[in-house]
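Take a look at the structure set out below.
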Amino acid sequence: MKLLRFAADMMARCWRASPGRTLIILIAIIVQFSSSIVLAVLQRTIVDKAGSHLLTVVAVAGVGLALAMTADHAANRIQTNLRATVDTRVAYALAHDLAIWATTDPQLDLYDRPDVLDRMHRVRAQHRSLVGLGWSVILTAAVSVNLVASLVLLAQISPWLIGVAILAVPPLILSQRSRRHLQSAIERSAPAERQEARLHALTSNPEQAAELRISRNEATIDDRCRTLWQDAQGMLRQGHLRAGVTSYAGSLIFTVGYLCSITLTLVLVIDGEATLGDLALVLGLGETLRWRVFGVVASLSAVTDGARVAREYLLLRQQYEHALRPERAADPPDRLAAGIGLRGVTYRYPDHQRPAVDSVTADLPAGSVIALLGENGAGKTTLVKLLLGQYTPQSGQITIDGMDLQSMDPRAWATRCSGLVQDFAKLQGPVRESVAAAALRPLNRTEIRTAIDDAHAGPIIDGLPDGLDTRLGLAYGTANLSHGQWQRLALARGLTRTTPLLLVLDEPTSALDPEVEHQLFDSFFRRARQVATTHGAIALVVSHRLSTTQDADLIIVMDHGHIVEVGDHTALIDADGRYAELFRLQSNAYR
Ligand SMILES: Nc1ncnc2c1ncn2[C@@H]1O[C@H](COP(=O)(O)OP(=O)(O)OP(=O)(O)O)[C@@H](O)[C@H]1O
């Protein structure tokens with residue numbers, strides 16, 4: 001029922017995409033499926049009236065065949081041509097849905113799951129069968145009506161000829177089985193195909209290409225790609241072979257049945273129980289009937305294919321709707337009064353044994369600047385993502401001024417978070433659009449320029465041929481930026497939000513030279529103090545450079561997912577623990 005509703009929705013989308021073309025395609029389907037019946041009946045009448053004049057029989061059969069072929073061909077061409085346009089428009093709308101689902105949802109949990117990634121890959125690769133689902137249901141109905149009408153005509157000659165319909169059942173069953181073989185091969189090969197595609201994309205991605213070329217590991221990558229590709233192709237080949245043999249067996253059974261029905265009619269004609277016109281009808285109808293039976297099988301298979309992809313598409317939609325959780329409707333406070341609380345917060349990535357963040361309890365006071373320190377893999381970025389609402393803790397609770405983050409609308413919370421994350425986006429296109437993309441209202445050029453200056457990105461833009469209007473990124477072929485320059489533009493984007501409650505700066509220093517780093521921290525802390533006063537905002541800085549974070553109000557040191565030390569710089573130096581040791585090491589190294 002759900003799938004029929006989905007098919008109807010696809011037809012409604014076709015209608016909205018192009019009502020005129022959709023109407024003409026529907027008329028073409030009716031013409032195509034009624035022409036064979038009309039012509040077969042016409043053929044029988046003319047042959048019977050022509051008596052035994054062989055020449056007339058051949059002439060009429062020839063004209064009938066030509067007419068049938070012309071109507072069939074014309075209807076077919078119309079459908080193919082017009083459907084190309086209609087289907088492309090609907091396919092674009094579906095691809096748009098998928099892109100929106102992947103980006104509107106602030107939660108990242110789903111995108112760490114290989115099963116969800118595989119599902120997205122399959123739906124993207126086969127989204128044309130989704131568009132075809134509505135048409136396939138209509139074609140199945142049309143071809144079934146045609147089949148029943150043909151069988152009624154045949155039964156008038158001899159009820160035995162209905163046996164042809166019974167012989168259509170094995171090809172139907174075998175064709176479904178054949179599809180299943182193919183589908184299971186596609187599903188088994190999807191992970192290998194996805195990995196291979198990603199590895200290959202890596203080699204042609206300009207950002208990673210340089211490292212790959214210097215490390216001269218193309219042979220290893222190539223071997224890995226080839227192995228993955230061969231694995232996937234092996235599975236697909238096996239699936240195609242099994243599917244081909246199974247469906248060919250079905251065709252063979254029907255062909256034998258068709259030959260038997262002609263022989264039976266011949267015997268009836270010889271015995272005087274059927275006319276030559278009946279034989280012409282069986283020959284004409286039988287030939288097209290054969291294709292109609294396969295038509296039923298093919299359109300049913302297309303329905304099955306479309307239904308399978310539709311089920312996956314609906315699952316993605318359901319996951320997306322669930323992620324948005326309508327019951328999470330609370331709005332964040334206008335300004336923070338108390339701060340953010342973490343109570344026993346634990347998060348473990350799928351298929352990981354150890355939690356990345358383990359029973360973390362802490363209070364982040366409103367209006368404070370907090371530094372989050374720790375070795376690689378200590379869980380800092382994961383904790384930041386939990387605070388941004390991108391992950392849901394498996395246990396424990398995060399509260400915003402006492403309100404559970406899980407009761408809050410994740411999108412509303414996302415709009416009150418800002419800054420620079422580790423996996424920042426390099427938004428290609430005009431500079432002004434790239435910078436204004438996170439603003440919650442349209443920005444004028446002065447506001448865009450202010451955000452750029454705040455991120456110390458002014459000199460970068462001044463050096464570009466068209467300033468704010470320069471199109472960035474290799475996709476446009478005009479100007480590209482260094483990683484550090486892209487990073488500063490991403491920070492400018494983060495600074496366009498003027499009312500954040502949580503301001504994040506995650507590991508910004510890796511791509512920056514010391515002077516820019518100093519300027520950047522300086523302006524970030526200035527902005528942090530400003531929004532701390534106006535909105536009680538909390539600023540969270542993740543860094544390995546302790547000299548830049550020592551002025552933070554609170555320093556949190558993490559290790560293996562746990563918080564191991566909390567305090568300000570003086571308190572932690574006095575405590576002479578992990579922080580003091582790290583600070584001494586870095587001071588000596590930079591002396
Ligand atoms: N998307 C992910 N899927 C699976 N595991 C992940 C993912 N991101 C991080 N991890 C794992 O979680 C642990 C904590 O990673 P996290 O990135 O939070 O550490 P970090 O302290 O920010 O490290 P770094 O200083 O290197 O950025 C690591 O063991 C890492 O392998």
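The values are calculated or read from the model by the stated rules, or taken from the named source; none is laboratory data. Keep in mind that what you see is a predicted model, and the values were worked out from it rather than measured. Counting neighbours? That spans all protein chains shown, and the Cβs are built from the backbone with ideal geometry, glycine included.
Could you list all residues from the stretch 365-376 that are in contact (Cβ under 8 Å) with a residue 40 or more places away in the chain and either within 16 Å of the ligand (Cβ to nearest atom) or within 14 Å of residue 349 (Cβ to Cβ) (or both)?
First pass over the stretch 365-376, keeping only residues in contact (Cβ under 8 Å) with a residue 40 or more places away in the chain: 365-375.
370, 371, 372, 373, 374, 375, listed by residue number.
For residue 179, are the conditions met, namely being within 22 Å of the chain's Cα centre (by Cα) and either in a helix (DSSP H, G or I) or at pLDDT below 80 (or both)? Considered against the rule, which asks whether it is within 22 Å of the chain's Cα centre (by Cα) and either in a helix (DSSP H, G or I) or at pLDDT below 80 (or both), residue 179 comes out as no. Total residues in the stretch 383-422 satisfying the condition of being free of Cβ contacts under 8 Å to residues at least 60 places away in the same chain and within 14 Å of the ligand (Cβ to nearest atom): the figure is 3.
Answer yes or no as to whether residue 261 is within 24 Å of residue 137 (Cβ to Cβ), modelled with pLDDT of 80 or more, in a helix (DSSP H, G or I) and in the same structural domain as residue 171 (by TED's automatic domain parsing).
On the way: within 24 Å of residue 137 (Cβ to Cβ): no; modelled with pLDDT of 80 or more: yes; in a helix (DSSP H, G or I): yes; in the same structural domain as residue 171 (by TED's automatic domain parsing): yes.
So residue 261 fails the test.
Each row is one residue, and each column tells you yes or no for (1) within 16 Å of the ligand (Cβ to nearest atom); (2) farther than 21 Å from residue 360 by Cα; (3) in contact with a helix residue (DSSP H, G or I) (Cβ under 6 Å, 6 or more places away or on another chain).
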site	(1), (2), (3)
536	no, yes, no
552	no, no, no
567	no, no, no
573	no, yes, yes
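Candidates are the residues of the stretch 318-354 that are out of contact with any helix residue (DSSP H, G or I) (no Cβ under 9 Å at 6 or more places or on another chain) and within 13 Å of the ligand (Cβ to nearest atom); the one that is modelled with the highest pLDDT is 346.
Identify all residues within the stretch 327-371 that are aliphatic (A, V, I, L, M) and closer than 19 Å to residue 391 by Cα; write none if there are none. Correct list: 329, 330, 340, 342, 345, 356, 357, 360, 362, 364.
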